[in-house]
Amino acid sequence: MMMALCGFGALNLGNSLTLPSLRMVIRTKEWASLQVHSFTGHTEAVRCVLFTGDSTVVSGSKDTALRVWDTGSGACVRTLNGHADTILCLALRDNLLVSGSNDTTVRIWDLPSGQCLHVLQNHPSYITVLGFNEDYTLLATGSGGGVIKIWRIGDGLVGPGCQL
């Protein structure tokens, strides 16, 4: 019997998976046939995952590392280090990967090179959410302290925004 767990509160009902908060049921006879790859490499719990294209997935973990995975082979192609605590959220703008952490910082990475371009600081608590506006010129960061900050993002530069 296959057990499925996720943040939506999934329940195992034999050959069906019920997601109560979405009011949706997925039925299949062979759960294993749905799996494409299993990525192994983090040493602690994975806290966030983001597809960055058809062939790449990025994961953030309690082990403080970001891992970039090739979805075709299942191989880890790059590890990004810099955060001092659990990575909780991810966002993407073109080749810029943004990660938020329990260490109260937001890091902006050049995904192809793996280089950390900027470290955004001054949140009072851990970073819980990241989001870009429609034209990707502003980045919103939210923290466990109930603070939202808006950052100007442009031409590889990050400027101060406002605190809400």
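The values are calculated or read from the model by the stated rules, or taken from the named source; none is laboratory data. Computed from a predicted model, the values in this text were never measured in an experiment. When we count neighbours, we look across all protein chains shown, and the Cβ atoms used for this are built from the backbone with ideal geometry, even at glycine.
Values as computed for the structure displayed
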quantity	calculated
Filter pass, Arg78 being farther than 21 Å from Leu130 by Cα, at pLDDT 95 or above and out of contact with any Ser or Thr (no Cβ under 6 Å at 6 or more places or on another chain)	yes
Matching strands (runs of 3 or more DSSP E) fully within region 33-139 where at least 2 residues are more than 14 Å from the chain's Cα centre (by Cα)	76-80, 115-120
Matching residues, region 92-146, being hydrophobic (A, V, I, L, M, F, W, C) and surrounded by fewer than 16 Cβ atoms within 10 Å (Cβ to Cβ)	Leu117, Val119, Val129
Search result, residues across region 52-74 that are at pLDDT below 95 and of a type in the set (Asp, Glu)	Asp54, Asp70
Residues (among the aliphatic types (A, V, I, L, M), without any contact (Cβ under 8 Å) to a residue 40 or more places away in the chain and in contact with a Leu (Cβ under 8 Å, 6 or more places away or on another chain)) located in region 121-153	Ile127, Ala140, Val147, Ile148, Ile150
Test: residue in region 56-76 that is of a type in the set (Phe, Trp, Tyr) and touching a residue at least 40 places away in the same chain (Cβ under 8 Å)	no
